[in-house]
Amino acid sequence: MSEAILQDTARALVAEGKGILAADESTGTIQKRLDSIQVECTEANRRDYRELLFTTPGLGEHISGVILFDETLRQNAADGTPLVKVLQDASIIPGIKVDQGAKPLAGHPDETVTEGLDGLRERLEEYAALGARFAKWRAVYRIGEVTPSPAGITANAHALARYAALSQEAGLVPIVEPEVLMDGDHDIEDCELVTEEALRTVFGELAVQDVLLEGMLLKPNMVISGADCAEQADVEEVAERTLRCLLRCVPAAMPGIVFLSGGQRDEVATRHLDAMNRHPAVKPWRLSFSYGRALQAAPLKAWGGKAANAAAAQAALMERASANGAATRGQYA
Ligand code: 5MM
């Protein structure tokens, strides 16, 4: 596979003022989202909701790519147009979640390893034929008394690197997502230590598997206080610690870092990204977003499952997309 194609796609995903919409909720997760607005989780409703998001007028001004779930990659819009084509026509790059979920790690209670390597080469080939140009795999680390353990950290890093190498072989840019969860009462210091350890191990494994850094993106958590921690770090501290951690661990050859929102309120996720891009530190990579909840919470609520609310939902999505686009430039007011 041509390295130039991988590099071009990776750079396009972090083009100036743009970021990624994560709409790759697996069936269980989208069920929770639709339950929250009392909409039945049928294939038609999932399609309608995602079609509404993807047909938002002007979305391509701020959104470079959308991560899809397997079902969505194969679905057509109500008028029969493949949803992949709907995105392509809006100058948005389709991507695909290829992991098969975080499963219990043997011998390590409360820890998971993300599975999906078996048969991945064949699935990637099919996804590329269906129009996907990038892929995503998420590893999950929970901060607890004894977690994450060295076993959890190395098993997930190894799987991420194997997935990344296979993706590049198939011509898809891998988005490597090691997520340290914000669940828990740990403080920001613990989050920084664990994130640093996870990232160092991931980049070590990526090097062992000869993954082309110029043709991939990292999707990390920000360094933030646990959701139940009594002392919540402010925006400036989050920006300072996140940048310090990334500068210590992430090679400059990689073109971009696209943060996950991880359960932060949408406005807070935007302010954190903005603060990092305003920060005077020299940043060798583009700093952008690949938000799921922080982009979708507002449109989901505005839609409420009613066709009559489609325009309001699209306006809500545009507002968040445009705010985060501004934050990638450090120009969010
Ligand atoms: C959209 O949610 C993605 C898929 O989650 P499940 O496999 O659990 O259904 C998730 O990987 C998402 O892409 C990232 O966590 C970023 O989303 P947030 O909401 O954290 O920004």
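The values are calculated or read from the model by the stated rules, or taken from the named source; none is laboratory data. Keep in mind it's a predicted model, so treat the numbers as computed, not measured. A quick note on method: Cβ atoms are made from the backbone with ideal geometry, for glycine too, and the neighbour counts reach across all protein chains shown. The protein model used for the area step is the full one, side chains on, heavy atoms only, and it has no ligands, DNA or RNA in it. Shrake-Rupley method; radii C 1.70, N 1.55, O 1.52, S 1.80 Å.
Tell me, in nm to one decimal, what length is gained between Ala308 and Ala78 on full extension, where the rule is 0.36 nm per residue of separation less the Cα-Cα distance? The partial results should precede the final answer.
Values: separation 230, 0.36 × 230 = 82.80 nm, distance 1.59 nm.
Length gained between Ala308 and Ala78: 81.2 nm.
Counting only DSSP beta bridges with both residues in region 3-327, what percent are antiparallel, rounded to the nearest 5? Mind dumping the intermediate values first?
On the way: 4 of 34 bridges.
In region 3-327, DSSP labels about 10 percent of beta bridges as antiparallel.
R0 = 41 Å: FRET efficiency of Arg248 with Glu40, Cβ-based, nearest 0.05? Write out the running numbers ahead of the final one.
Details: r = 47 Å, r/R0 = 1.15.
The calculated FRET efficiency here is 0.30.
Need the full-extension length gain, Lys301 to Gln88, defined as separation in residues times 0.36 nm minus the C-alpha distance. One decimal, nm. Provide the component values of the computation, followed by the final result.
On the way: separation 213, 0.36 × 213 = 76.68 nm, distance 2.63 nm.
Length difference between fully extended and current span is 74.0 nm.
For the chain, give the percent of accessible area contributed by carbon and sulfur heavy atoms, probe 1.4 Å, rounded to a whole number.
Numbers: 6610 of 13570 Å².
Here it works out to 49 percent.
Along each of its three principal axes, how wide is the spread of alpha-carbon positions in the chain, in whole angstrom units, largest first?
Result, largest extent first: 50, 44, 39 Å.
What figure, in Å² to the nearest 10, do you get for the accessible area of Lys306 with a 1.4 Å probe and non-protein molecules left out?
120
Classify region 216-333 from the C-alpha gyration tensor, please: rounded if a/c falls under 1.5, else prolate or oblate depending on whether a/b exceeds b/c.
Values: a/c = 2.21, a/b = 1.67, b/c = 1.32.
In terms of gyration-tensor shape, prolate.
To the nearest 10 Å², what's Arg133's accessible area with a 1.4 Å probe?
100
Could you work out how far the C-alpha centroid of region 19-60 sits from that of region 77-94, in angstrom?
The distance from the Cα centre of region 19-60 to that of region 77-94 comes to 15 Å.
Roughly speaking, what is the centre-to-centre gap between region 267-284 and region 289-331 when only Cα atoms are used, to the nearest Å?
Centre-to-centre (Cα) distance: 20 Å.
Once a ≥ b ≥ c are taken as the square roots of the eigenvalues of the Cα gyration tensor of region 1-60, is the result rounded (a/c under 1.5), prolate (a/b larger than b/c) or oblate (a/b not larger than b/c)? All intermediate terms of the calculation are to be shown ahead of the outcome.
Numbers: a/c = 3.07, a/b = 2.16, b/c = 1.42.
Judged from the Cα gyration tensor, region 1-60 comes out prolate (a/c at least 1.5, a/b above b/c).
If you plug each phi of region 141-150 into the Karplus form 6.51 cos²θ - 1.76 cosθ + 1.60 with θ = phi - 60°, what whole-Hz ³J(HN,Hα) values come out, in order, with x for Gly and Pro?
So the Karplus estimates, Gly and Pro as x, are 10, 9, 7, x, 3, 10, 10, x, 8, x Hz.
Give me the accessible area per residue for the chain, probe 1.4 Å, as a whole number in Å².
Working: 13570 Å² over 333 residues.
Here the per-residue accessible area is 41 Å².
Taking H placed 1.01 Å from N in the peptide plane, check which residues at least 5 places from Tyr141 or on another chain put their amide H under 5 Å from its amide H.
So Tyr141 has HN proximity to Glu179, Val180, Leu181.
Does region 1-145 classify as rounded, prolate or oblate by the C-alpha gyration tensor (a ≥ b ≥ c root eigenvalues; a/c under 1.5 gives rounded; else a/b over b/c gives prolate, otherwise oblate)? Before the final figure, lay out the partial values.
Working: a/c = 1.69, a/b = 1.21, b/c = 1.40.
Oblate, because a/c is 1.5 or more while a/b does not exceed b/c.
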